[in-house]
Amino acid sequence: MGLSDSTRRMAELLKLGATMLAEKCPVEGCSYPLFRLKSGEVVCPVHGRVYLVKTDEEAADVRKRVILRNVLDLLEEKVLEELYRLSQDLRSSSQLIINYLEVLERVRRLKTSSS
């Protein structure tokens, strides 16, 4: 009989030193316990990172931080994609320059040999 993925994940979290909390995951329909990682982050074995808030003000602050993190993650991804594209363009340009230099070298050799 095999263990479910979430049960395996809970065992893995405990092996890594996470502490099982008394609180359950706040996601509707999820009854799994939450775990506090050594870093202080609270996670659900099914849904990943969750935030425990007590007031509407804390909830609004968390939403802002999550949105900011998502925007920064997206920006980082786009910048990396653009850097990769530019590096590919640079490789193409470098190869083109090398080809032109080789042609120039051949032309100069032909000029000196025909003189």
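List of remarks:
- Any chance residue 19 is modelled with pLDDT of 95 or more and of a type in the set (S, T, N, Q): yes
- Among the residues examined, residue 21 qualifies as at negative phi, more than 26 Å from the chain's Cα centre (by Cα) and not hydroxyl-bearing (Ser, Thr, Tyr).
- Checking 63, 49 one by one, the residue that is under 27 Å from residue 14 (Cα atoms), more than 14 Å from the chain's Cα centre (by Cα) and surrounded by 10 or more Cβ atoms within 10 Å (Cβ to Cβ) is 49 and no other.
- Among the residues of region 2-16, some residue qualifies, meaning at least one is out of contact with any Leu (no Cβ under 7 Å at 6 or more places or on another chain) and exposed (fewer than 10 other Cβ atoms within 10 Å of the Cβ).
- Failed condition for residue 102, given (1) at pLDDT 90 or above; (2) under 15 Å from the mean Cα position of the chain (by Cα): (2)
- Every residue from region 7-53 that is among the hydroxyl-bearing types (Ser, Thr, Tyr) and in contact with a strand residue (DSSP E or B) (Cβ under 9 Å, 6 or more places away or on another chain): 19, 31, 32, 51
The values are calculated or read from the model by the stated rules, or taken from the named source; none is laboratory data. Fair warning: this is a prediction, and the values are worked out from it, not measured in the lab. Glycine gets a Cβ as well: all are built from the backbone with ideal geometry, and neighbour counts include every protein chain shown.
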